[in-house]
Amino acid sequence: MGKKPLYEGKAKQIYATENPDEVLVYYRDDATAGNGAKKGTIADKGIMNNKIASFFFKLLKENGVDNHFVSMPSDREMLVKSLKILPLEVVVRNIAAGSLAKRLGLEEGIKMSCPVVELYYKNDELGDPLVNDYHIKAIGLATETQVAEVESIALKVNEILTKYLATKNIELIDFKLEFGLYKGQVLLGDEISPDTCRFWDTVTKEKLDKDRFRRDMGNVEDAYKEVLHRLTGEVR
Ligand code: C5P
């Protein structure tokens, strides 16, 4: 990757392509937590996340949820549609964990009676604060129609992934999605991987996601390998 990226994120770079409607995402092994406060690398994470995210994007497309995925030209590269990203992080939660458990004083692992959708303002300087429909409208982060669409797609993604992952003995605790506009339409973008989801083994409740890095639990690479293996059969 000799040329200069259009955008450099915490774990990915985005490059222009010859097609103005598409960009190339390059997945690195860098890992951060606490909005960059903790930094490290997870061996081959870029490869595993690219493969896992590509798998999920294809699965979602097959189940009627269109998204930015075009193809996976190499182990660390994903070709995607070029989106104008909405400055929102959309979190869906089935089981209390992480910041929700802390904020509401819930024990981690408590199943909630319905999925919870939360919207955060995507802004590193502010630490991605939680916002509601009023904030979003008042400061113009997205239109009401866009918010409704984003929430409806997020809940559909939750249904599809929860059902699929159950067949692989993985419980989908919660996850974060990002969306953008492509030719004026709201489209699912970013990635879906152990970096952006909480996956627990259904039986043992073992954590198979980035919480192992965030909480210094060890066996981080093995957790990513296990998810890739359960989804695709690949042994690394
Ligand atoms: O930390 P919190 O409990 O709010 O995270 C909820 C979900 O969103 C988790 O699956 C986490 O991996 C994901 N997330 C993310 N990027 C962030 C914040 C949360 O992928 N900046």
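Remarks
- Test result for SER113, away from the ligand (no atom under 12 Å from the Cβ), at pLDDT 95 or above and among the small types (Gly, Ala, Ser): yes
- Looking across the range 31-46, just one residue is under 15 Å from the mean Cα position of the chain (by Cα) and β-branched (Val, Ile, Thr), and that is THR32.
- Matching residues, the range 190-203, being of a type outside the set (A, V, I, L, M, F, W, C) and within 16 Å of the ligand (Cβ to nearest atom): ASP190, GLU191, SER193, PRO194, ASP195, THR196, ARG198, ASP201
- The condition of being modelled with pLDDT of 95 or more and either in contact with a Lys or Arg (Cβ under 7 Å, 6 or more places away or on another chain) or surrounded by 13 or more Cβ atoms within 10 Å (Cβ to Cβ) (or both) holds for ILE160.
- Looking across the range 163-189, the residues that are over 14 Å from the mean Cα position of the chain (by Cα) and within 16 Å of the ligand (Cβ to nearest atom) come down to LEU165, ILE170, GLU171.
- Any chance GLU108 is over 15 Å from the mean Cα position of the chain (by Cα), of a type in the set (Asp, Glu), more than 24 Å from THR143 (Cα to Cα) and more than 16 Å from the ligand (Cβ to nearest atom): no
- Within the span defined as the range 209-216, every residue fails to be touching a residue at least 24 places away in the same chain (Cβ under 8 Å), surrounded by fewer than 20 Cβ atoms within 10 Å (Cβ to Cβ) and under 16 Å from ASN94 (Cβ atoms).
- Of all residues in the range 64-105, those satisfying the criterion of being in contact (Cβ under 8 Å) with a residue 40 or more places away in the chain, within 14 Å of the ligand (Cβ to nearest atom) and either assigned to a loop (DSSP other than H, G, I, E, B) or hydrophobic (A, V, I, L, M, F, W, C) (or both) are ILE85, PRO87, LEU88, VAL90, VAL91, VAL92, ILE95, ALA97, LEU100.
The values are calculated or read from the model by the stated rules, or taken from the named source; none is laboratory data. Just so it is clear, the structure is predicted and the values come from calculations on it, not from any experiment. Don't worry about glycine lacking a Cβ; one is built from the backbone with ideal geometry, like all the others, and counts go over all protein chains shown.
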